[in-house]
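J.: The following block contains the structure, expressed as structure tokens.
The values are calculated or read from the model by the stated rules, or taken from the named source; none is laboratory data. No experiment lies behind these values; they were computed from the predicted model shown. All Cβ positions, even for glycine, are placed from backbone atoms using ideal geometry, and neighbour counts span all protein chains on display. When the accessible area is computed, the model is the full protein with side chains, heavy atoms only, and any ligands, DNA or RNA have been set aside. Shrake-Rupley method; radii C 1.70, N 1.55, O 1.52, S 1.80 Å.
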Amino acid sequence: MAEATGGPDAASCAHAQQRRDNGGPRYLLAAATTGDDRRHHHSRKKGSRRMKSVSGKVVLITGGASGIGLETGRRLASMGAHVVLVDRSDIPADVLASLPTSHHGRHRAFSADVTDSASLEAVVTEVLSEYGCLDIVLANAGIAEAGTVAISDVENLARIVEINLIGVIRTVHATLPAITAQRGFYLLVSSAAALKTVPGQAAYAAAKTGVEAFGGGLRLEVAHKGVGVGVAHPAFVRTPMFDSQHRIAAVRDGIEELPWPFGVVTELSDCVDTFVAAIVRRRRKVYVPGALRGVDTVRGVFTGRLWDAILRPRMRKTVPALERGILDSRAGGALPRQ
């Protein structure tokens, strides 16, 4: 566990909010909120579909060591949020220190595995002890490994589903009581892969489609409790995970052959802009790039018989080339496991 701080402690989430409402400084959220405080805090937010600000909110981000998770954390911290980064690997102190503390934010980093509910529950216990509440969860942890089913180890395929889908379910389950208490918000990261079918990412697409379905069901289950659930559908975003796959010529060629907008590679900062706006506005769905919204309305075209007929003639050459490229990269050590 690591810590970066920019301000003094305060008594509770509700008390800190009250000081902000009165024009006072934005203090750290530290001790547990009392039942009366929570009811008062909830009454102010009841019926509100949008957050006026993330300032003073406690945000937990899985997959927070790099890429979308880390950069979204930095942006939210710059807006006054208290950011909790969670990753299966230890988050270096200098990475945590890179989160802005100019708004008296206090940020923490924890090592936890989204495939292990006990480790997630331990983090939530620490967060509630430290801050007194939890307002927002960005369920962002995920892995990707290029490869067809035929050339992939079955345990690696199962691991993709375990982290990308079951990890989201475990994250939500561990945090749901705390988020419900705050009438908070979830942003669950699905993918553009849920909107289409292409070779080389069958397990990944299955997991991300599951995230969307899980988010949709969860949204209906918790709406009457004032909890919001958003699902994000990013396509390719320039992150370390993307770069590791993009080094393979066959993967690059496959991306270039995808029809617009599936082949668009979005800069990380632009993706973060979209994610932050989705969190502040408690959006139901968000797309990166935004053109994917139109695709979602006609997704049957990209998952149905016509789509198969369009792609099938090219697959006789494309799939073997993809498999050769991936196997060569694995043999040469150029394709790290995520």
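J.: Full-extension gain between Thr197 and Ala97, please, as 0.36 nm times their residue separation minus the C-alpha to C-alpha distance.
T.: 32.0 nm
J.: Could I ask something else about it? Taking only the alpha-carbon positions of region 175-266 and ignoring solvent, what does the Debye formula give for the base-10 log of I(q)/I(0) at q = 0.12, 0.14, 0.17, 0.24 Å⁻¹?
T.: For the requested q values the scattering log ratios are -0.48, -0.60, -0.78, -1.18.
J.: Show me the trypsin sites (Lys or Arg not before Pro) within region 137-216 that DSSP assigns to loop and that have at most 12 other Cβ atoms within 10 Å of their Cβ.
T.: Those that pass, being in a loop and sparsely packed, number zero.
J.: Taking the Cβ of Ile68 as the center, what net charge do the other residues with Cβ under 15 Å away carry, scoring Lys and Arg +1 and Asp and Glu -1?
T.: Taking every other residue near Ile68 into account, the sum is -2.
J.: I would also like to ask the following. Hey, any idea what Rg/Rh is for region 47-117, computing Rh the Kirkwood way over Cα pairs?
T.: 1.00
J.: Oh, and also: Under the 0.36 nm per residue contour assumption, what length would be gained going from the current alpha-carbon distance of Asp243 and Leu327 to full extension?
T.: Full extension from Asp243 to Leu327 adds 28.5 nm.
J.: Starting from the alpha-carbon convex hull of region 93-138, give the projected area averaged over all orientations, in nm².
T.: Result: 3.9 nm².
J.: Work out the FRET efficiency for Asp116 and Lys52 from their Cβ-Cβ distance, taking R0 = 35 Å, and round it to the nearest 0.05.
T.: 0.45
J.: Still on this structure, please answer the following. In debye to the nearest 20, how big a dipole does region 151-290 give about its Cα centre with +1 on each Lys and Arg Cβ and -1 on each Asp and Glu Cβ?
T.: The dipole magnitude comes to about 720 debye.
J.: Let me ask something additional. Along the charge dipole of region 138-205, pointing to its positive end and built from +1/-1 on Cβ of Lys, Arg, Asp and Glu, which listed residue (Tyr204, Gly184, Thr171) has its Cα farthest out?
T.: Projecting each Cα onto the dipole axis, the largest value belongs to Gly184.
J.: Separate question: Under the 0.36 nm per residue contour assumption, what length would be gained going from the current alpha-carbon distance of Thr297 and Ile310 to full extension?
T.: Length difference between fully extended and current span is 2.7 nm.
J.: Could you work out the local net charge near Ala4, counting Lys and Arg as +1, Asp and Glu as -1, over the other residues with Cβ closer than 11 Å to its Cβ?
T.: Net charge around Ala4: 0.
J.: Starting at 0 and stepping by 10 Å, how many percent of the alpha carbon pairs of region 182-324 end up in each bin?
T.: The percentages, shortest bin first, are 11, 38, 33, 14, 4, 0.
J.: Could I ask something else about it? For region 115-230, which whole percent of the accessible surface, found with a 1.4 angstrom probe, sits on carbon and sulfur atoms?
T.: Carbon-and-sulfur percentage of accessible area, whole number: 61.
J.: Expressed as a rounded percentage, what relative contact order does region 89-134 have, with Cα pairs under 8 Å and six or more residues apart?
T.: Averaging sequence separation for qualifying contacts and normalising by length gives 27 percent for region 89-134.
J.: Using the beta-carbon distance between Glu3 and His173 and R0 = 35 Å, what value does 1/(1 + (r/R0)^6) give for FRET efficiency, to the nearest 0.05?
T.: Once rounded, the FRET efficiency stands at 0.85.
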